[in-house]
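Peer 1: Here it is, the structure in full.
No value in this document is a laboratory result; all are computed from the given coordinates. Everything numeric here is computed off the predicted structure, so don't read it as measured data. No Cβ is skipped: glycine too gets one built from the backbone with ideal geometry, and neighbour counts run over all protein chains shown.
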Amino acid sequence: MSEKEGSRTRRVSFVNSKDFDLTDCCRICKCRATAENGIKLRPLFNGRRLTRIIANTVHIEIKDIQGLPRFLCEKCLNILKTFSIFQVDFRRSEEDFKMTIEARRTSQMDALIEFSSAIEMEKQRENDQKSAALVTNFLKKSKKTKSKPKLQNRELSK
C-alpha cells in the first residue's frame, strides 16, 4: 500500500492486496495504523451510531462484511463528525428559516383578518347608526301622526 501526497485527500492504493490484511486499515481512506505513523483506528461497528451517521451524512450504507476493514481512522472520524454537525446545523437553519417565513405569512394573515374584522365592525356600526336614525325618524313621524288625530278628534268633539 502506498500514499500519494500533494492532494487535499489521502489516496492510498493497494500495490499487492495479497501482502497485507485488509481488516486492519481505515474503511474510508484505507490508511493503516502502524507504530511509525501514529495513526489510531477506532472501531466502526461498535454499536450502530457510527454507521447510522455515515448513512445519514454521505448516504452510503456500510455493512460489517467479513474480510473488509472494521475501523475508522481519527482523521476520517473527525471529518465525518464535522460534516455531520455541519449537515445538522444546515438542516436546523433551513427549518428555522421556513418557520420564520411561515410565521410571517401567518402574521400577515392575522393582520389582514384583523383589518377585515375592523372594517366589518365599522360597517356594522354605520348600519346600526342608520337603523337607529330610521327608527328615530319613524318614531318622530308616528308621534306627529298620533298627536294630530287627537287634536282633530278634540276639535271635532267641541
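Peer 1: Could you check the simple spin-label distance between Glu114 and Thr82, using points 7 Å along Cα→Cβ, in nm with one decimal?
Peer 2: Modelled inter-label distance: 4.7 nm.
Peer 1: Just report the Cα centroid separation between the range 17-84 and the range 100-129, whole Å.
Peer 2: 60 Å
Peer 1: Related question: What list of ³J(HN,Hα) values in whole Hz, one per residue of the range 94-111 in order, does the Karplus curve 6.51 cos²θ - 1.76 cosθ + 1.60 (θ = phi - 60°) give from phi, with Gly and Pro shown as x?
Peer 2: 4, 5, 4, 4, 4, 5, 5, 4, 5, 5, 5, 4, 4, 4, 5, 5, 4, 5
Peer 1: Let me ask something else about it. Quick one: net charge of Asp128's neighbours, Cβ under 14 Å, K/R +1, D/E -1?
Peer 2: 0
Peer 1: Further question: Based on the mean of other beta carbon atoms within 10 Å per residue, what is the order of 128-137, 75-84, most packed first?
Peer 2: 75-84, 128-137
Peer 1: Which of the aspartates and glutamates could a cross-linker span from Lys143 if the Cα-Cα distance has to be under 14 Å and same-chain partners fewer than 8 positions apart are dropped?
Peer 2: none
Peer 1: Also: How far is it, in nm, from the label point at Asp64 to the one at Thr136 when both lie 7 Å from their Cα along the line to the Cβ?
Peer 2: 9.0 nm
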